[in-house]
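Read the structure below first, then the notes.
The values are calculated or read from the model by the stated rules, or taken from the named source; none is laboratory data. Being a predicted model, the structure only gives us computed values, none of them experimental. Here the Cβ positions follow ideal geometry from the backbone for every residue, glycine too, while neighbour counts run over all protein chains shown.
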Amino acid sequence: MEFTKLEATLRQTRGKGPARRMRRDGMVPAVVYGKGIDTITLSIDPRELTHALSGPLRINTVLEIEVKNAPKDVPNQIHVLVKDHQYHPVRRDLIHVDFLAVDVNAPVTVDVPLITMGRAIGVQTGGVLSQVYRSLLLECLPAAIPAHVEVDISELDVNDNLSIKDVELPEGVTVALDPETTIISVMAPKAVEEKKEGEEEGEEAAAEGEEKPEDEKAEDAEKKE
C-alpha cells in the first residue's frame, strides 16, 4: 500500500532562536521519535502537512516522510503518525509537531471516531440517546486504519444499549476495551435528570483533571526545540 508522502528537511540547529527564524520563513519545527530509533529533528512546511492530513483518515493518516539532506546515520524515509501538535495560543497557527515512527508491518494503536447511523426507536418515543464513547481505541496494521467506525442504532429502544461486542470491525482490527463495555444507550428521561444532578455535584472534582492551557502547551513545545 502507498502511504501519503511528506517532504522534510533535517534540522542542523536546535533552540528557540532557530525555531523562531524557521517559523518566520514559513516552516515548522518537528521531531520524530519511536522504538528503536534516535530522536530526529526536522523542519516541515505546515501547508503541506495540512494537505497531507486532509483525507478521510485525518490525524490518523500514516505519513511517509522523505528526509532531505539526511546523513548515513539517519533514514531518508520514515513512516510516522502525528503524535502531538501545538498551535500558537493567539494566532492559532501551527508551531510544532511530534511524529511517532511506526513499523508498517506491526500493529499501531489509534483513536478512531465512532459514528451512529439511523435514529433509535427509543428516541422517537421520548427516550434520550447517550453516547458514552465518541471514539474508540483500535489496534491494527497501519495500512488497515479505518477512517471511522459505524454502528446502527435504529433498533435501540428505551433502556437498550450497545456494547463493544456489538460493533462490527474490519478484518484485522481490534478494539482496546472489554467486549461488555457499553458505548451507546437509550435512557428514560427520568434517568437522564438523575444523571445530570450527579454530574453537577462532581464538577469541582472533574475540574482538577483539565488539560493544560494552550499557552502552556506552546511553552512545552519550545522546550523541545
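State yes or no: is PRO146 surrounded by 13 or more Cβ atoms within 10 Å (Cβ to Cβ), farther than 14 Å from PRO113 by Cα and within 20 Å of the chain's Cα centre (by Cα)?
Considered against the rule, which asks whether it is surrounded by 13 or more Cβ atoms within 10 Å (Cβ to Cβ), farther than 14 Å from PRO113 by Cα and within 20 Å of the chain's Cα centre (by Cα), PRO146 comes out as no.
Do any residues in the range 87-110 that are farther than 23 Å from ASP38 by Cβ have Cβ atoms under 7 Å from those of residues that are of a type in the set (Val, Ile, Thr), where the two are at least six apart or on different chains, and which pairs are they?
Matching pairs, first to second residue: TYR87/ILE95; HIS88/ILE95; LEU94/VAL28; ILE95/VAL28; VAL110/ILE145.
Taking the condition of being assigned to a helix (DSSP H, G or I), surrounded by fewer than 17 Cβ atoms within 10 Å (Cβ to Cβ) and under 15 Å from the mean Cα position of the chain (by Cα), how many residues in the range 48-64 meet it?
Residues flagged as assigned to a helix (DSSP H, G or I), surrounded by fewer than 17 Cβ atoms within 10 Å (Cβ to Cβ) and under 15 Å from the mean Cα position of the chain (by Cα) within the range 48-64 amount to 3.
Of the conditions (1) under 20 Å from THR181 (Cα atoms); (2) under 20 Å from the mean Cα position of the chain (by Cα), HIS96 clears all except one; give me its number.
With (1) under 20 Å from THR181 (Cα atoms); (2) under 20 Å from the mean Cα position of the chain (by Cα) applied to HIS96, the lone miss is (1).
Would you confirm, using the coordinates I've provided, whether LEU141 is at pLDDT 95 or above, under 27 Å from LEU6 (Cα atoms) and in contact with a Gly (Cβ under 7 Å, 6 or more places away or on another chain)?
Against the criterion (at pLDDT 95 or above, under 27 Å from LEU6 (Cα atoms) and in contact with a Gly (Cβ under 7 Å, 6 or more places away or on another chain)), LEU141 qualifies.
Every residue, every condition in (1) aliphatic (A, V, I, L, M); (2) more than 16 Å from the chain's Cα centre (by Cα); (3) at pLDDT below 95, yes or no:
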position	(1), (2), (3)
VAL90	yes, yes, yes
ASN105	no, yes, no
TYR133	no, no, no
SER163	no, yes, no
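Could you pull out the residue among LEU114, LEU169 that is touching a residue at least 60 places away in the same chain (Cβ under 8 Å) and closer than 30 Å to LEU63 by Cβ?
Checking each option against the conditions leaves just LEU114.
If you check ILE44 against the conditions, is it without any contact (Cβ under 8 Å) to a residue 60 or more places away in the chain, of a type in the set (Val, Ile, Thr) and not assigned by TED's automatic domain parsing to the domain that holds VAL173?
It is true that ILE44 is without any contact (Cβ under 8 Å) to a residue 60 or more places away in the chain, of a type in the set (Val, Ile, Thr) and not assigned by TED's automatic domain parsing to the domain that holds VAL173.
Working carefully through the options VAL74, VAL67, VAL28, find the one that is modelled with pLDDT under 95, over 15 Å from the mean Cα position of the chain (by Cα) and over 25 Å from ALA143 (Cβ atoms).
Within the list VAL74, VAL67, VAL28, the selection yields VAL28.
Go over the candidates ILE95, ILE40 one by one and state the one that is crowded, with 18+ Cβ neighbours inside 10 Å, at pLDDT below 95 and farther than 19 Å from LYS5 by Cβ.
ILE95
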